[in-house]
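Here is the structure we will look at.
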Amino acid sequence: MSTGDVKMGVIGCGSIAEIAHFPSIVQRKEASLVAVCDSNAERAHTAALKWGAEQCYTDYREMYRKAALDAVVIATPNNVHRNQAVAAARAGIHVVVEKPLAVTNREAWDIVEACKQAGVKLMVGCDRRFWIHNQWAKELIDAGVIGRLLMSRASLHEHWYNYQNHVAATDFRLNCRVAGGAAVNDTGAHVIDLLTWLNGSRVKRVVGVARRMAMPEDYTLCDDTALAIVEFENGALGTISCNRFSPAVNQATELCGTEGTIFTATDATNPFQSWPMAVYTDKDYTVDTLPQILKDYRWPQLFWVEDIVDDTVRKRWVPICPPRYPNNYDRMTQHFLDCIINDKEPLVSGEDGARAIEVMCAVWKSMRTGAWVNLPLEEEIVPPHYEPLPPEE
Ligand SMILES: NC(=O)c1ccc[n+]([C@@H]2O[C@H](COP(=O)([O-])OP(=O)(O)OC[C@H]3O[C@@H](n4cnc5c(N)ncnc54)[C@H](O)[C@@H]3O)[C@@H](O)[C@H]2O)c1
C-alpha cells in the first residue's frame, strides 16, 4: 500500500473517538477518514460533518460492505467489540479495537482467531504503552538499568463521575450487562496491559478481589474497587489496583528491580514525586556513561559544574521530564498506520489484548473460588451480570 492511501472508518462516535481517534486520524498524512458509524444517527452525522468523513452509517455491516475501508477503529461499548471486529476481519479490514478487547476470554480469542485467519492487523487501543515515559521505562528496564525487575505495581484511580458526568456520550460503563465490569474491565484494562508489557513476561497466575464498595446499587452494579496479585512466568510478582471512587485521578506505576526503581505516572501528577517519571539506579554511571534518556531528559538540567563536582547522577532519584508531543494517541495511530503500510506487528497485539482479558476473567473466577487461578483459562469466564451477545454468523 502506498503512503497516503489508508482509508479509515470509525465505529462509535462517542467520547474516546471524539477526544482521541478522530483528531489523531485526521492529522495523519498517511490516512484519510472516509466513513463513520454510530447506532445513534445524529451522533454519526455530527461526527461526519465535524471531522470531514464523506460517508455516515448506523450499521457497521453496511459500512464494511460499502465504504471500501482499509482499516477501522472500533470505539463502541465492550459487549459489541467481538461481533464488530470479527466482521471487520472477515471483510478484510485491519482493526483497532478499543480496550478492553472484549469481555469474556472466548470473545477475545474469537477476535484474535478471525484476524489471524483473514490476515489483517489487529491492535488493541492500550494507549498507556504509547506515553513516552512508559516507552522509556521499558527501554531502561530492557537495558538492565534497574537490574532484574522482580516486583511492580500499577494503579489507576478515577472517580466514576469524572468521566461519566463530563465526557462519556452514553452510560454503558454503568451497565454491567454491557460493560462486564468497571474497576477490573475498564480502568484495569490499562494497568494490566501496562504491567505485563513492562515486565516482558506473560501472567502465569492471578488472585484478586473485585467488588462494589462505594457506589449505591441504583447507580451501578459494577465493581468500583479491584485488587489483584499476578505472578509472571519469569517468577516476578505484580499488583494491580484500581478504584472508581477516588476523586484524585491517579495512574502510577512503580517498578522495583534489584539495582534500581522506576516510577512513571500518566493522566495526573502522582503523589510520590512531581514528575511524570523518576529513575533511581544503583549502577555506577557517570555523567558521560549515563543512558541517553537520563542524559537528555533529566530535570532540572543540572549546571555542569555541579555534575562534575558532586557527581550528581549517582545513587539518587533522577526526575525525567519527557516531551509532551506528539501525544500518546497520535503516536498510537501513527504506529498502526506504519504496521499496515510496512507490514509490521502492532505493539499491542491481539494476543496481548486477549491475555489481558484472561487476567480480568481470572480475577472474576478468583472471586468465586477464593484461590489462585492459572492461565491460560480452560473455560469461558463470564463476569457477574454480563450478558454476552451471541456471535454473528
Ligand atoms: N483508551 C482509553 O483510555 C479509553 C477511554 C474511553 C473509552 N475507551 C473505550 O472505548 C470504548 C467506547 O467508550 P466511550 O467512552 O467512547 O463510550 P461512549 O458512551 O462515550 O460512546 C460510545 C458510542 O458508541 C455508540 N454505539 C453503541 N453501540 C453501538 C453499536 N452497536 N454500533 C455502533 N455504535 C454504537 C454510542 O451511540 C456512542 O456514540 C469502550 O470500549 C471503552 O472502554 C477507552
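The values are calculated or read from the model by the stated rules, or taken from the named source; none is laboratory data. The structure presented is a predicted model; accordingly, all values stated were derived computationally and were not measured. Using ideal geometry, Cβ is built from the backbone for each residue, glycine included, and neighbour counts are taken over all protein chains shown.
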Could you grab me the full set of residues in segment 175-189 that are more than 16 Å from the chain's Cα centre (by Cα), assigned to a helix (DSSP H, G or I) and farther than 16 Å from Ile16 by Cβ?
Cys176, Arg177
Long-range neighbours under 6 Å by Cβ, at least six apart or interchain, first residue over 18 Å from Glu139 (Cα atoms) within segment 308-331, second at pLDDT 80 or above
Val313/Tyr285; Val313/Leu290; Tyr329/Ala20; Tyr329/Ser24; Tyr329/Asp127; Asp330/Ser24
Checking Pro23 against (1) within 11 Å of the ligand (Cβ to nearest atom); (2) part of a helix (DSSP H, G or I): exactly one of these is not met. Which one?
(1)
From the set of residues in segment 26-46 that are of a type in the set (A, V, I, L, M, F, W, C) and farther than 27 Å from Trp131 by Cα, which is farthest from the ligand (Cβ to nearest atom)?
Val34
Check Leu49 against each of (1) more than 16 Å from the ligand (Cβ to nearest atom); (2) out of contact with any Lys or Arg (no Cβ under 6 Å at 6 or more places or on another chain) and name the one condition it does not meet.
(1)
Looking only at residues in segment 52-82 that are in a helix (DSSP H, G or I), of a type outside the set (S, T, N, Q) and within 14 Å of the ligand (Cβ to nearest atom), which one is surrounded by the fewest Cβ atoms within 10 Å (Cβ to Cβ)?
Glu62
The number of residues in segment 236-252 that are at pLDDT 95 or above and assigned to a strand (DSSP E or B) is 7
Contact list, first residue from segment 141-159 and under 30 Å from Arg244 (Cα atoms), second anywhere and charged (D, E, K, R) and surrounded by fewer than 21 Cβ atoms within 10 Å (Cβ to Cβ), beta-carbon distance below 8 Å, six or more apart or interchain, is Ser152/Glu254; Arg153/Glu254; Ala154/Glu254; Leu156/Asp267; Glu158/Asp267
Selection from segment 367-388 of residues among the charged types (D, E, K, R) and in contact with a Ser or Thr (Cβ under 6 Å, 6 or more places away or on another chain) yields Glu380
I need a count of the residues in segment 156-189 that are farther than 14 Å from Trp364 by Cβ and touching a Pro at 6+ places or on another chain (Cβ under 6 Å).
3
Determine whether His94 is closer than 25 Å to Glu351 by Cβ and more than 11 Å from the ligand (Cβ to nearest atom).
yes
